[in-house]
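Read through the structure below, which is laid out as structure tokens, and then see the notes.
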Amino acid sequence: MTMTKPVVSTVYSSKISLALQSARVCALREQDKDCRFNLLVAIAGVQGRAGDWEGVYREVTRRSGSISMDPAFLKTEMLAEMAESQIFVGDLDGALSTIRQGLLLDEHAFSFFLTLCRIAGMGGRVADDSTANEALDLAERTSAEQLAKEKAEGFTRSTCAGNVHWLTWLAGAQAAGGRREKADDTLQAALDLVASGRYDLGGRQIVIDYGYYDIVTTQARIGDIPGALKTLERISGRDLIGSSMRNIAGALAEGGDLSGALAFVARIDEANPRTQALLWIADIQARHGDSVGAKTTLARIELSADGNGRNERAEGLLRIARAEIQRSDRDSAKRTLAESMPFVDEAFLSTDLSLHYVAVGEAYAAVGMVEEAQRIFERMSPNRNSLARMITKAHTVAGNVEVAEAWILTLPSASEQCGAWLGIVDGFVSLS
């Protein structure tokens with residue numbers, strides 16, 4: 001296995017080790033089995049982002065045999081998280097090495113397959129062409145082996161639906177990797193599968209519609225808008241027609257055709273997919289640095305007397321704030337957060353959408369407004385783990401590690417404490 005040199009300063013390595021040890025203790029105290037599983041996987045990911053691959057591998061070996069859950073699944077998910085961490089620090093060769101080892105387990109291969117597809121799409125940007133091609137070769141081989149295995153075992157409803165996912169993801173990777181003819185062949189195989197009698201043994205149109213929906217989404221994403229529109233005609237369910245049109249509009253915007261995307265939105269009859277398409281387009285504008293244009297697009301979302309639209313406006317403004325944070329425009333992010341709060345409060349009062357408060361709190365923490373983030377934290381009851389992590393990261397980046405550690409001791413649950421310890425590690429990695 002390829003091992004990477006630590007990416008953090010030696011000044012922080014001992015502090016990171018102690019924080020990870022504390023996080024591990026908290027994770028093992030968590031009583032909920034699924035939550036404990038997720039916390040252990042998260043710890044492996046953070047450890048990897050700190051560059052401690054040998055430590056992650058020890059963790060994989062140790063935990064996979066000591067936790068009362070499927071050990072092969074835990075080991076697989078930890079290795080998959082390790083590969084993602086290697087991508088995070090730019091060690092794509094190391095990620096491929098980890099994936100090859102994970103595939104030898106012959107279980108739960110889809111997580112590794114998705115990571116391979118992502119690497120394959122990085123050619124010319126993050127990955128060199130050789131690495132991207134190697135990842136795509138491995139993705140094609142993994143997909144072929146999986147589909148052959150399922151064919152030999154006999155098709156079922158679940159495997160047929162799963163096979164469409166394999167095929168559509170592979171087609172997207174092939175298109176991104178310069179193998180467009182192969183991508184078209186892969187999508188044709190997906191179309192043939194959905195049209196076959198074996199795709200849904202019960203003959204339920206909704207299952208067939210979902211298969212075509214996945215294909216439409218991929219066709220739009222790789223730029224085959226005519227193909228996507230042709231496949232769209234095969235869908236009969238009103239909801240999935242609207243959702244498919246939303247995805248086509250988003251793909252047009254991702255491809256740089258903003259006017260075409262907005263014109264296509266006007267063709268969507270249903271309010272919800274139309275609104276979701278506008279959110280998507282605004283998000284794309286914000287990520288490309290056009291916050292003013294993004295807010296203009298959000299203004300197209302209709303606000304009804306019964307409160308509809310406010311939740312979406314809140315979500316859109318929070319996405320814009322996150323984009324501004326990503327490009328280090330903290331002042332603009334603070335102004336956008338202030339704009340969002342009336343919509344967030346209205347949405348919370350009407351629909352109890354506490355996830356918006358999580359997003360607001362995380363954004364406050366990201367711009368260094370830690371006291372405001374903690375006030376948001378206190379207003380919430382569920383879904384607080386990620387916000388706790390952002391708060392302690394902000395404290396650590398600001399040099400207030402002791403304040404963060406003291407605050408962790410006040411948190412009521414083991415999972416929140418675990419997330420908060422990981423935030424300290426995030427902060428030290430950020431400082432490095």
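The values are calculated or read from the model by the stated rules, or taken from the named source; none is laboratory data. The shown structure was predicted, so the numbers you read here are calculated from the model rather than taken from an experiment. Using ideal geometry, Cβ is built from the backbone for each residue, glycine included, and neighbour counts are taken over all protein chains shown.
Listed here are the residues, each with its yes/no results for (1) touching a helix residue (DSSP H, G or I) at 6+ places or on another chain (Cβ under 6 Å); (2) aliphatic (A, V, I, L, M).
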| residue | (1), (2) |
| --- | --- |
| ALA44 | yes, yes |
| PRO71 | no, no |
| PHE88 | yes, no |
| LEU103 | yes, yes |
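Residues in the range 292-323 that are charged (D, E, K, R), surrounded by fewer than 16 Cβ atoms within 10 Å (Cβ to Cβ) and at pLDDT below 90: 2 in all. Restricting to the range 116-138, name every residue that is within 15 Å of HIS165 (Cα to Cα) and touching a Gly at 6+ places or on another chain (Cβ under 9 Å). If the condition is that a residue be within 15 Å of HIS165 (Cα to Cα) and touching a Gly at 6+ places or on another chain (Cβ under 9 Å), then CYS117 is the only one that fits.
Would you please list the contacts, defined by Cβ atoms under 7 Å and residues six or more apart or on different chains, that run from a residue in the range 137-154 that is closer than 16 Å to THR115 by Cα and among the charged types (D, E, K, R) to a residue that is at pLDDT 85 or above and assigned to a helix (DSSP H, G or I)? Every condition considered, the pairs that remain are GLU140/LEU170. Considering (1) assigned to a loop (DSSP other than H, G, I, E, B); (2) under 23 Å from ASP192 (Cα atoms), the lone condition that ARG267 does not fulfil carries the number (2). With the range 21-125 as the region, which helices (runs of 4 or more DSSP H) entirely inside it contain at least 2 residues that are at pLDDT 85 or above and over 29 Å from ARG221 (Cβ atoms)? So the answer is 33-49. Being within 20 Å of TRP169 (Cα to Cα) and of a type in the set (Gly, Ala, Ser) holds for only one residue in GLY316, GLY309, GLY250, and it is GLY250.
The rows are residues; the columns are (1) out of contact with any helix residue (DSSP H, G or I) (no Cβ under 7 Å at 6 or more places or on another chain); (2) under 19 Å from GLU150 (Cβ atoms); (3) surrounded by 14 or more Cβ atoms within 10 Å (Cβ to Cβ).
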{"residue": "ALA173", "(1), (2), (3)": "no, no, yes"}
{"residue": "LEU191", "(1), (2), (3)": "no, yes, yes"}
{"residue": "ARG198", "(1), (2), (3)": "no, yes, no"}
{"residue": "TYR213", "(1), (2), (3)": "no, no, yes"}
{"residue": "THR217", "(1), (2), (3)": "no, no, yes"}
{"residue": "ARG221", "(1), (2), (3)": "no, no, yes"}
{"residue": "ILE225", "(1), (2), (3)": "no, no, yes"}
{"residue": "ARG234", "(1), (2), (3)": "no, no, yes"}
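Going residue by residue through the range 230-247, is there one that turns out to be at pLDDT 95 or above, under 22 Å from ARG118 (Cβ atoms) and out of contact with any Asp or Glu (no Cβ under 9 Å at 6 or more places or on another chain)? Yes. For the residues LEU167, LEU147, the requirement of being in a helix (DSSP H, G or I) and modelled with pLDDT of 90 or more singles out LEU167. Per the listing GLU402, GLU372, GLU346, GLU378, the residue uniquely assigned to a helix (DSSP H, G or I), among the acidic types (Asp, Glu), modelled with pLDDT under 90 and exposed (fewer than 15 other Cβ atoms within 10 Å of the Cβ) is GLU378.
Yes or no, residue by residue, for (1) touching a Pro at 6+ places or on another chain (Cβ under 9 Å); (2) within 30 Å of ALA228 (Cα to Cα):
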| site | (1), (2) |
| --- | --- |
| GLY242 | yes, yes |
| ASP257 | no, yes |
| ILE320 | no, yes |
| ARG330 | no, no |
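Residues that are modelled with pLDDT of 95 or more and closer than 11 Å to LEU191 by Cα within the range 207-218 comprise TYR212, TYR213, ASP214, ILE215, VAL216, listed in sequence order. GLY361 meets each of the listed conditions (1) of a type in the set (Gly, Ala, Ser); (2) surrounded by 18 or more Cβ atoms within 10 Å (Cβ to Cβ); (3) at pLDDT 95 or above apart from (3).
Here ALA161 qualifies as under 22 Å from the mean Cα position of the chain (by Cα), surrounded by 14 or more Cβ atoms within 10 Å (Cβ to Cβ), assigned to a helix (DSSP H, G or I) and modelled with pLDDT under 75. Give the residues of the range 239-251 that are more than 21 Å from the chain's Cα centre (by Cα) and buried (at least 16 other Cβ atoms within 10 Å of the Cβ), sorted by residue number. Of everything in the range 239-251, those that are more than 21 Å from the chain's Cα centre (by Cα) and buried (at least 16 other Cβ atoms within 10 Å of the Cβ) turn out to be LEU240, ILE241, GLY242, MET245.
On inspection, LEU318 passes the criterion of being of a type outside the set (Ser, Thr, Tyr) and farther than 30 Å from ALA189 by Cβ.
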